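The values are calculated or read from the model by the stated rules, or taken from the named source; none is laboratory data. Model, not experiment: these values are computed from the prediction. Cβ placement follows ideal geometry from the backbone for every residue including glycine, while neighbour counts extend to all protein chains displayed.
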């Protein structure tokens, strides 16, 4: 017997936790599904239960409080559980959610879904980016925050966005020698116009100032308008070469500097994780200031498919506070649709929440304007640089496909097999799309015209024996 819920929340970061709490407080039968061992996501990441910390940060403390609220409510919780597919027959009113985890059922049914899948680091390809020792900001923060483990001793941090400050400060606090922090965008003078708006986000300024203070104390140079050019080494990264880049992100000749390192951390802003939304068939729109392809939604966070709500950074980069407000709004809408909340009461709640959301969205505009990765960064790669790691497709092969007449990412995929590997394009879509746009500059190509990869189940690699058993269970 497959259990049915009024609401399934997928993802237990800031948006998912808030959605589950709000829905459960309104007596909606709710299940919260997450791939991590503990709720909190990247932002509120918790130490393993077997660890004991001498102290906790303000963010960690806030996360502990939110997780406690989840645990105090009658919410069914599934941790270490992957959502690998979402299906619905034409004659069925409920969604069939396919799961894989040590303690999870193979399927649950849900009348409504709130997808809070978060975001991931935008990968930018450069020579040597596949070497061991080159990792993303997200990977570094998982090791530093949840395991208290430093993945190297001498590091270069490169990319764009405030996450560079966070990871650099955590590295220095862990005793790592950070040789340089390279921000590829030029924050000044363009960022000055946002100074009045930032006055309303004092906690963010305080957090950023704290990270900067740690970076200065660690004597790590913070450079704007700089990026990594290449990573070198035999079986592991041993050296990193950085370069000045122009406003478009293209390397400036004669500005290169070289550092011996055993760790390179890259993070060129964030990309919304839209895998499940694509799989279901939600309408998407390309908005680079929000991270790229994002789902089209109404004011209650409902997607183009009724009953599917998408919230948080998986619907456009906006930060933790924005994510929590979106989670509340979506859960309130579900509470009304399931008959647990009067629409008049919901209207009052929306009146309270939406002005707060509007304020947070101003920060999202600032973030997108200052920290979107530049198109010219694709020129960090050479024709021999692998863009699609799963299928080992190089930039040169992408250019060849374009010269053969390919004009969309789907056509390039058919010719080269990019995006057909285990990650289904998660690691290569941005770079492949940028390569096509660059190759078709004379035709005024754009990322929107180039399009995006399609996603099919299973969303994650799974054992064949499990898939066979899962199929038998539904027959």
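Structural remarks
- Among the residues listed as 394, 379, the single one being under 20 Å from residue 251 (Cα atoms) and outside the structural domain of residue 437 (by TED's automatic domain parsing): 379
- Consider region 281-292 and keep the residues that are farther than 24 Å from residue 268 by Cβ and touching a residue at least 24 places away in the same chain (Cβ under 8 Å). The one that is surrounded by the fewest Cβ atoms within 10 Å (Cβ to Cβ) is 281.
- Subset of region 71-102 [over 16 Å from residue 305 (Cβ atoms) and out of contact with any strand residue (DSSP E or B) (no Cβ under 7 Å at 6 or more places or on another chain)]: 71, 72, 73, 74, 79, 80, 91, 102
- Single condition residue 360 does not satisfy, out of (1) part of a helix (DSSP H, G or I); (2) in contact (Cβ under 8 Å) with a residue 60 or more places away in the chain: (2)
- In the set (1) without any contact (Cβ under 8 Å) to a residue 12 or more places away in the chain; (2) buried (at least 18 other Cβ atoms within 10 Å of the Cβ), the condition left unmet by residue 213 is number (2).
- Criterion (at pLDDT below 90 and either touching a strand residue (DSSP E or B) at 6+ places or on another chain (Cβ under 7 Å) or outside the structural domain of residue 297 (by TED's automatic domain parsing) (or both)) met by exactly one of 161, 202: 202
- Test: residue in region 64-75 that is surrounded by 11 or more Cβ atoms within 10 Å (Cβ to Cβ), assigned by TED's automatic domain parsing to the domain that holds residue 18 and closer than 18 Å to residue 2 by Cα: yes
- Meets criteria (buried (at least 20 other Cβ atoms within 10 Å of the Cβ), under 25 Å from the mean Cα position of the chain (by Cα) and either closer than 26 Å to residue 466 by Cβ or in contact (Cβ under 8 Å) with a residue 12 or more places away in the chain (or both)) for residue 136: yes
- Helices (runs of 4 or more DSSP H) contained entirely in region 367-475, each with at least 3 residues that are touching a helix residue (DSSP H, G or I) at 6+ places or on another chain (Cβ under 7 Å) and crowded, with 18+ Cβ neighbours inside 10 Å: 395-403, 409-416, 429-439
- Scanning region 47-64 for residues that are under 18 Å from residue 203 (Cα atoms) and in a helix (DSSP H, G or I) yields 58, 59, 60, 61, 62, 63.
- Scanning region 336-351 for residues that are surrounded by 11 or more Cβ atoms within 10 Å (Cβ to Cβ), in a loop (DSSP other than H, G, I, E, B) and out of contact with any helix residue (DSSP H, G or I) (no Cβ under 7 Å at 6 or more places or on another chain) turns up 338, 340, 342.
- Members of region 168-184 found to be within 12 Å of residue 217 (Cα to Cα) and in a strand (DSSP E or B), listed by number: 177, 178
- Residues being under 18 Å from residue 390 (Cα atoms) and touching a residue at least 60 places away in the same chain (Cβ under 8 Å) - total across region 454-469: 8
- Screening residue 257 against (1) modelled with pLDDT under 95; (2) out of contact with any helix residue (DSSP H, G or I) (no Cβ under 6 Å at 6 or more places or on another chain) leaves a single unmet condition, (1).
- Residues that are touching a strand residue (DSSP E or B) at 6+ places or on another chain (Cβ under 9 Å) and touching a residue at least 40 places away in the same chain (Cβ under 8 Å), drawn from region 414-428: 426, 427, 428
- Flag if residue 155 is farther than 27 Å from residue 10 by Cα and crowded, with 20+ Cβ neighbours inside 10 Å: yes
- Residue satisfying condition, being loosely packed, with under 12 Cβ neighbours inside 10 Å, touching a residue at least 24 places away in the same chain (Cβ under 8 Å) and in the same structural domain as residue 333 (by TED's automatic domain parsing), within set 51, 44: 51
- Failed criterion for residue 444 (all others in (1) more than 30 Å from residue 98 (Cα to Cα); (2) at pLDDT 95 or above hold): (2)
This table checks each residue for (1) without any contact (Cβ under 8 Å) to a residue 24 or more places away in the chain; (2) outside the structural domain of residue 84 (by TED's automatic domain parsing).
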site	(1), (2)
247	no, yes
254	yes, yes
260	no, yes
279	no, no
294	yes, no
299	no, no
310	no, no
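- Flag if residue 323 is within 24 Å of residue 66 (Cβ to Cβ), assigned to a helix (DSSP H, G or I), free of Cβ contacts under 8 Å to residues at least 24 places away in the same chain and not assigned by TED's automatic domain parsing to the domain that holds residue 221: no
- Subset of region 224-256 (residues that are part of a loop (DSSP other than H, G, I, E, B) and more than 21 Å from residue 387 (Cβ to Cβ)): 225, 234, 235, 236, 238, 246, 247, 252, 253, 254, 255, 256
- When 187, 192 are screened for being on the phi < 0 side of the Ramachandran plot, assigned to a loop (DSSP other than H, G, I, E, B) and at pLDDT below 90, only 187 passes.
- Boolean, residue 360 is in contact with a strand residue (DSSP E or B) (Cβ under 9 Å, 6 or more places away or on another chain), surrounded by 18 or more Cβ atoms within 10 Å (Cβ to Cβ) and not assigned by TED's automatic domain parsing to the domain that holds residue 446: no
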